[in-house]
Amino acid sequence: MPPITILIDADACPVKDEIYRVAGRFRAEVRVVSNAPFRIPDSPRVKRVVVSDGFDAADDWIAEAANPRSVVITADILLADRCLKAGARVLKHNGEAFTAASIGGAIATRAIMADLRAGMDGPLGSTGGGPAPFSKADRSRFLQALDRVMVGMGRG
């Protein structure tokens with residue numbers, strides 16, 4: 001059975017160090033995909049993939065590499081959808097899983113929020129506040145979720 005590969009949408013990923021630790025325990029391969037180089041651990045299992053700065057270049061690379069032996073780490077809903085269709089498991093940085101059952105609702109909510117933001121940007125300014133700060137609880141939930149996924153994939 002081929003090793004599990006963890007594909008990281010790295011440009012905005014706050015849990016890279018946690019991923020490296022879990023991957024080491026499970027002897028998983030890691031691909032750190034971004035538009036700019038990141039420091040990575042000195043390990044033959046961890047490889048940096050720097051793509052062009054073209055629109056969605058990192059997403060395209062990850063979606064093409066995703067397969068049933070992959071775990072994708074991303075907050076990007078449209079990338080998650082592409083990876084789920086390729087058979088990959090997909091986790092957000094806070095440990096929440098994107099699944100075949102949840103992705104349709106997530107895409108619909110994303111579209112609604114984009115429409116709302118477009119309607120609110122005007123002469124009075126934007127009312128968007130951005131995502132909540134990343135917390136220790138988010139980091140802990142992520143570690144637990146990634147561990148569960150890796151254990152489950154190791155059995156299958």
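In nm, what is the difference between 0.36 nm times the number of residues separating residue 11 and residue 155 and their Cα-Cα distance?
Values: separation 144, 0.36 × 144 = 51.84 nm, distance 3.08 nm.
48.8 nm is the gain from fully extending residue 11 to residue 155.
Pulled fully out, how much extra length does the chain show between residue 21 and residue 132, if you take 0.36 nm times their separation in residues and subtract their Cα-Cα distance?
Details: separation 111, 0.36 × 111 = 39.96 nm, distance 2.52 nm.
37.4 nm is the gain from fully extending residue 21 to residue 132.
Computed over the Cα atoms of the stretch 4-62, the ratio of the radius of gyration to the Kirkwood radius (Rg/Rh) comes to 0.95.
Scalar couplings 3J(HN,Hα) for the stretch 134-148, obtained by applying the Karplus form with A = 6.51, B = -1.76, C = 1.60 to θ = phi - 60°, are 6, 10, 4, 5, 4, 4, 5, 4, 4, 4, 5, 5, 5, 4, 4 Hz; x denotes Gly and Pro. Taking a straight line from the alpha carbon of residue 136, these lysines sit under 20 Å away, with near neighbours fewer than eight places off in the same chain left out: 16, 92.
Which order do the peptides 44-50, 87-93 come out in when sorted by mean C-beta neighbours inside 10 angstrom, highest first? Intermediate results must be reported in sequence, preceding the final value.
Values: 44-50: 14.6, 87-93: 22.0.
Peptide ranking by packing, descending: 87-93, 44-50.
Here, each number is a calculation from the coordinates, and none is a lab measurement. Since the structure is predicted, the reported quantities are computational estimates derived from the model, not experimental observations. Cβ: placed from backbone, ideal geometry, glycine included. Neighbour counts: every protein chain shown.
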